[in-house]
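So the structure is just underneath, and the comments pick up after that.
Computed from the coordinates by the stated procedures, all read-outs in this text should not be read as laboratory data. Treat the numbers as computed from the prediction; the structure is a model and nothing was measured. A quick note on method: Cβ atoms are made from the backbone with ideal geometry, for glycine too, and the neighbour counts reach across all protein chains shown.
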Amino acid sequence: MSKLRPQSIPENERGSAMLAALCLAMVFALCLSSYIALCYTSLKMSTRNLMGSHCIELAETGLEQALYSQNNWDWSAPWNVNAVSATATLPAFRFENGATGQVSVKVLENTPQSNWAQITSTGTVTLSDGTTVTRTLQCVCQPVSAFVNAAAATAGNISFTTGGNLDSYFSSHGAYFRDPINPNNPLNNYDYSAVVFSGYTPSPPPPYPSPSVLLNTAVVDGYAAGTFSNAVSFASGAQVVGPNTPIGISIDPNRLLISSQTFQPQFPESFPTSGASISSINLDSTMPSVPLGSSGATLPYVVYVSGDVNLSGSMLKIKGPVILEIANGSLNVSGTGQIVIVKGATPALSGSLEIHLEKGNMNLDGNGIDNQTDIPERLAIIGTQPPSSTTQMLEIGTSIPFYGVVYFPYAPLVVKNSPTIYGSLVASSITFNPSPYSGSPTIHYDMSLRSPDGLVGDTAFTSIETPQPTGAISPGPVVAPITVVPGTLVEVPAQ
């Protein structure tokens, strides 16, 4: 039996196995180092993303602080204020892994227009290695509107005796139009956002007294709201519906709202500081029309009337922005008497009327107020003095459509006959057609009343405000409270 002779490795192949092993080790080393580098890069990216999220949180904190300060007129430290702006740097924040955070915020008043504010808030996070991450948020704020309901009673009942139709539209989109046959008509300009609200809150515990919103047979394309259970009552034929209410359902339970918080803001008036003084205005059929105001004026023409304003047969023609303050007398329009708000080529060239009725009564009948601009923002009749020994009596029963807002949170309002109202009604209580009156009123709530546009003469927004308290340090004349304009909250790209 022969034995195999061992074979020797040729000299030119010696070390190849070692080389292969070394190459494989280098491959492993490269893979491992690449993986470590990838993990390190991922850690840095995730850390920066986390710190970026912290930056947004910090910037949001700055926005909240600015909104609080604006709405409470609290510009104490750390705020630094001047005539047009306020700036602040909030105390530092501490995060994990030795990171720190800082917030700087600026409030720029009257931007982009009068009585608006722009808030810019920057959040900066500094990592333990000195690296910084910064993100900035910016928003535009406008005064809160007092006209958020179609008809609102601040303290008492709101009741419809017979009939009533309420819906909503946008005057900024054009005239009200509703195709009764084709709901998909592109010309339709109506919606289901009319709110009928009573802020009456009973003091005794349940069971509660009678309802505070009495619809009877009224039809509401929108909502009916009260502050307690069963606050809304209705009779056969009444409707409270929305665009998604199932066919055959007259009272949509999703549109009967209950909240302990009232839905109707109550603000004091913004009084004019100076103007012409007269004892009274009395215009009958024997007198010519009286013009007031100038078209295109940038400041309203102010008239103080110590007595009554009576129009029974002539015309008070409003040609520009006008403020009429009736200090002690009443406002009476009847017969062929009329107040006319003249329409110009543009809203800025049109008339507007702001009536402050402090103590007297209002009887708005006959031809009433002809707001030819068809913009409810251009007419406001207001009075916010708390009740005294004599309660104001307010009544509307005009024969022509009323385009405007009425705001008397401490006085009752009666709406008689079948007027058509475009705008919003606010009073301590509202009664539609109490005996012996009859009719079916129509209210088209103007949703444009929710967002001020800053034009001169938009009296629905300029006539009511919350002034800064005495002694407060203010960076500017912006009214409060304010709210963020929808769609304006954005992140500002890094410069």
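Work out the charge dipole of the chain with +1 on the Cβ of Lys and Arg and -1 on the Cβ of Asp and Glu about the Cα centre, then indicate which of A150, L214, S128 is farthest towards its positive end.
S128
Using the Karplus curve 6.51 cos²θ - 1.76 cosθ + 1.60 with θ = phi - 60°, work out ³J(HN,Hα) for each residue of the range 129-139 in order, rounded to whole Hz, and write x for Gly and Pro.
Karplus-based 3J(HN,Hα) across the range 129-139 equals 8, x, 5, 10, 10, 10, 9, 10, 10, 9, 8 Hz.
Rounded to whole Å and sorted largest first, list the principal axis extents of the Cα atoms in the range 265-314.
The Cα atoms of the range 265-314 stretch 40, 28, 23 Å along their principal axes.
Length gain on complete extension for the stretch A345 to A83, per 0.36 nm per residue less the alpha carbon to alpha carbon distance?
Fully extending the segment from A345 to A83 adds 90.8 nm.
Provide the gained length on full extension for the span Y35 to A175, in nm with one decimal, where the gain is 0.36 nm per separating residue minus the Cα-Cα distance.
Fully extending the segment from Y35 to A175 adds 43.7 nm.
What distance in nm lies between label points placed 7 Å from Cα along the C-beta direction at M45 and T483?
That separation, rounded to one decimal, is 4.1 nm.
Using alpha carbons only, how many degrees (0 to 90, rounded to 10) separate the axis of helix 16-72 from the longest principal axis of the chain?
Tilt relative to the chain: about 20 degrees.
I'd like the FRET efficiency for M393 and T131, computed as 1/(1 + (r/R0)^6) with the beta carbon distance as r and R0 of 56 Å, rounded to 0.05.
0.20
If you look for lysine pairs in the chain that are eight or more places apart or on different chains, how many of them have Cα atoms under 30 Å apart?
8
Determine the relative contact order of the chain: mean sequence separation of Cα pairs under 8 Å and six or more apart, normalised by residue count, in whole percent.
16
At q = 0.12, 0.13, 0.14, 0.18 Å⁻¹, what is the base-10 log of I(q)/I(0) for the range 26-133 according to the Debye formula with one equal point scatterer per Cα and no solvent? Please give it to two decimals.
Per q value, in the given order, log10 I(q)/I(0) is -0.54, -0.59, -0.65, -0.87.
Test of understanding: extend the Cα→C-beta vector of T162 to 7 Å, then name every residue of the range 413-437 with backbone N under 14 Å from that spot.
What the label zone holds, given the 14 Å backbone N cut-off, is 416-419, 432-437.
Take the Cα atoms of the chain, find their three principal axes, and give me the spread along each one in whole Å, biggest first.
Principal-axis extents of the chain (Cα, largest first): 146, 59, 52 Å.
Size of the dipole of the chain about the Cα centre, Lys and Arg at +1 and Asp and Glu at -1 on the beta carbon, nothing else charged, in debye to 20?
1260
Let me check I've understood the local charge: for I369, count other residues with C-beta under 13 angstrom from its C-beta, Lys and Arg +1, Asp and Glu -1. What total comes out? All intermediate terms of the calculation are to be shown ahead of the outcome.
On the way: positive: K317, R378; negative: E354, D365, D370, D374.
That works out to -2.
Would you list the P(r) distribution for the range 315-434, with all Cα-Cα distances sorted into 5 Å bins from 0 and each bin expressed as a whole %?
Reading upward from the zero bin: 3, 12, 23, 26, 21, 11, 5, 1, 0, 0.
Principal axes first, then extents: for the Cα atoms of the range 139-216, list largest minus smallest coordinate on each axis, whole Å, largest first.
Ordered largest first, the range 139-216 gives principal extents of 50, 41, 17 Å.
Karplus couplings for the range 74-90 from phi (6.51 cos²θ - 1.76 cosθ + 1.60, θ = phi - 60°), rounded to Hz, Gly and Pro as x?
With the stated coefficients, the range 74-90 comes to 10, 10, 6, 3, x, 6, 10, 10, 9, 5, 10, 8, 9, 10, 7, 10, 7 Hz.
Hey, if you put +1 on the Cβ of every Lys and Arg and -1 on every Asp and Glu Cβ in the chain, which of S352, T111, A99 ends up farthest toward the positive end of that dipole?
Of the candidates, A99 comes out farthest on the positive side.
In terms of the Cα gyration tensor, with a ≥ b ≥ c the square roots of its eigenvalues, is the range 130-282 rounded because a/c is under 1.5, prolate because a/b exceeds b/c, or oblate?
Rounded shape, in that the Cα axes give a/c under 1.5.
For A92 and A327, FRET efficiency with R0 = 45 Å and r from the beta-carbon atoms, rounded to 0.05?
0.25
If each residue of separation counts as 0.36 nm, what is the full-extension length gain between S259 and S203 once their alpha-carbon separation is subtracted?
18.7 nm
For the chain, what is the percent of antiparallel DSSP beta bridges, rounded to the nearest 5?
Values: 41 of 133 bridges.
So the antiparallel bridges amount to about 30 percent of the total.
Which of rounded, prolate or oblate describes the range 290-334 when judged by the alpha-carbon gyration tensor and an a/c cut-off of 1.5?
It is oblate, given that a/c is not under 1.5 and a/b is not larger than b/c.
For N182 and S76, what does the FRET efficiency come to when R0 = 45 Å and r is the distance between their Cβ atoms, rounded to the nearest 0.05?
So, using R0 = 45 Å, E works out to roughly 0.15.
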